[in-house]
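**Q** For reference, the structure I am asking about is given below.
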Amino acid sequence: MIGCDCHVCHSPDPRDNRLRSSIYVETPECSFVVDTGTDFRTQALRENIRNVDAVVFTHSHTDHVMGFDDLRRFGAARGYMPVYASAETMRDLERVYEFAFKALNPFPGYLKPEPHIIEGPFALGQTTLTPLPVPHGDSKVNGYLFTRDGRKLLAYLSDCSGVPDEITKLIVDVDTLVIDALREKPHPTHLSVGEALEVAARIRSSQTFFTHVCHELPQSAEAALPLNTHIAYDGLKLDF
Ligand SMILES: [Zn+2]
Ligand SMILES: [Zn+2]
Ligand SMILES: [Zn+2]
C-alpha cells in the first residue's frame, strides 16, 4: 500500500510483498495468462515469461486490465493476440484500449487484439475453461474452472463477494481452489477469510489458496488456517 506504515507493508517476509492478482498457465500445447493488471510487465519480467498465446479476463477493474498493452511483446510474432472476455468486459477493453482494437494498420510490434466473447466453456489447447459468473459487489465477474481429460484441476475465483449454489455445483470436489479472501473484516465486494473458508468447505476442494489478499492480512495468518488452506504469494507455482 502506498505510504502505509503497517506491519505487513514493512514485513521482512517477502511473501507479504504483493503485486496485483493474476495467474499464468503453462500447458504442453500453449500458455496463457488470466488478467493483465497494472503489474503485468513487472511480473512478466520477474518470472521471465517468454510465451503468451492468449489472455483471459475475469473483469475490467483496473487492477486486472491496466497491463493489457504490454501483451504487445507476446503477440508480435503471431501478429495478433487472442483475447477472451465476457461481452461486458470486452466492451470496456475496447473503450479503454480503442487505439489497439480500432487500428486498421497497426505498426508491427503493436498489440493487435483478436476478441473472443465468452458465452460458455471454451478450449485453450486441451484445457477446457468453464466461465463461473460470480457476484463481485453489484457486478458479475467471471471466475474459471480449468479441466483437462475430464478432471477438475483448478477453480480460480479471484474477485467475488459470494459463490451461488449453481456455481458451487460446477466446481464441487475440484482439486485446487484459488479464491478471493481479502482480509478478516467483511468487505462489500470481496470475501473475507471466514466467508472464503465457508465457501471452500461447501466446494470440498482438496487444497485451497487465498488470493487478492490485502495488507490487512499477513502471510503469518496462514498458521491459523486449516491444514489444506494456504495464503497464496507472488511467484507461487503449482503443478497439475
Ligand atoms: Zn499497510
Ligand atoms: Zn474487481
Ligand atoms: Zn481485483
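The values are calculated or read from the model by the stated rules, or taken from the named source; none is laboratory data. Just so it is clear, the model here is predicted, and its values are computed rather than measured. Cβ placement follows ideal geometry from the backbone for every residue including glycine, while neighbour counts extend to all protein chains displayed.
**Q** Could you please find all residues in region 57-93 being more than 16 Å from ligand 2 (Cβ to nearest atom) and among the small types (G, A, S)?
**A** Result: G75, A76, A77, G79, A87.
**Q** Just wondering, is there one or more residues in region 93-116 that are closer than 22 Å to F146 by Cβ and of a type in the set (V, I, T)?
**A** no
**Q** Which number in (1) under 27 Å from V213 (Cβ atoms); (2) touching a Ser or Thr at 6+ places or on another chain (Cβ under 7 Å); (3) surrounded by fewer than 15 Cβ atoms within 10 Å (Cβ to Cβ) marks the one condition that L154 misses?
**A** (3)
**Q** Look through region 188-211, keep the residues that are assigned to a loop (DSSP other than H, G, I, E, B) and over 19 Å from the mean Cα position of the chain (by Cα), and return whichever of them is surrounded by the fewest Cβ atoms within 10 Å (Cβ to Cβ).
**A** This residue is P188.
**Q** Which residue pairs have Cβ atoms under 8 Å apart, sit 6 or more places apart or on different chains, and have a first residue in region 29-44 that is without any contact (Cβ under 8 Å) to a residue 40 or more places away in the chain and a second that is of a type in the set (D, E) and more than 16 Å from ligand 2 (Cβ to nearest atom)?
**A** Matching pairs, first to second residue: S31/D53; T36/D70; F40/D70; R41/D70; A44/D70.
**Q** Can you give me the number of residues within region 148-164 that are in contact (Cβ under 8 Å) with a residue 24 or more places away in the chain and more than 16 Å from ligand 2 (Cβ to nearest atom)?
**A** Going through region 148-164 one residue at a time, the tally reaches 6.
**Q** Give me the pairs: first residue in region 199-225 and at positive phi, second residue surrounded by fewer than 19 Cβ atoms within 10 Å (Cβ to Cβ) and of a type outside the set (D, E, K, R), beta-carbon distance under 9 Å, and six or more apart or on different chains, which are they?
**A** From residues that are at positive phi, the pairs are R204/V172.
**Q** Inside region 121-139, can you point out the residues that are assigned to a loop (DSSP other than H, G, I, E, B) and either away from ligand 2 (no atom under 16 Å from the Cβ) or touching a Cys at 6+ places or on another chain (Cβ under 9 Å) (or both)?
**A** P121, G125, Q126
**Q** Report the residue count in region 67-78 for those that are within 16 Å of ligand 3 (Cβ to nearest atom) and under 20 Å from I118 (Cα atoms).
**A** Looking only at that region, the number is 1.
**Q** Checking the structure you have, find out if any residue of region 174-181 is in a loop (DSSP other than H, G, I, E, B), within 16 Å of ligand 1 (Cβ to nearest atom) and touching a Ser or Thr at 6+ places or on another chain (Cβ under 6 Å).
**A** No, that holds for no residue.
**Q** Being among the aliphatic types (A, V, I, L, M) and not in a loop (DSSP other than H, G, I, E, B) is the filter; apply it to region 212-240 and report the residue that is nearest to C4 (Cα to Cα).
**A** Applying the filter and picking the extreme gives A221.
**Q** Same structure again: Can you tell me which residue in region 81-94 is surrounded by the most Cβ atoms within 10 Å (Cβ to Cβ), limited to those that are more than 14 Å from F32 (Cβ to Cβ) and of a type in the set (S, T, Y)?
**A** Among residues in region 81-94 that are more than 14 Å from F32 (Cβ to Cβ) and of a type in the set (S, T, Y), the one surrounded by the most Cβ atoms within 10 Å (Cβ to Cβ) is T89.
**Q** Only one residue in P108, P135 is at pLDDT 95 or above and surrounded by fewer than 17 Cβ atoms within 10 Å (Cβ to Cβ), so which one is that?
**A** That would be P135, the only listed residue that is at pLDDT 95 or above and surrounded by fewer than 17 Cβ atoms within 10 Å (Cβ to Cβ).
**Q** Which of the numbered conditions does D69 fail, given that it passes all the others? Conditions: (1) surrounded by fewer than 16 Cβ atoms within 10 Å (Cβ to Cβ); (2) over 16 Å from the mean Cα position of the chain (by Cα).
**A** (1)
**Q** Anything in region 52-77 that is assigned to a loop (DSSP other than H, G, I, E, B) and in contact (Cβ under 8 Å) with a residue 24 or more places away in the chain? List them, or say none.
**A** V52, D53, F57, T58, H59, S60, H61, M66, G67, A76 - these are the residues of region 52-77 that are assigned to a loop (DSSP other than H, G, I, E, B) and in contact (Cβ under 8 Å) with a residue 24 or more places away in the chain.
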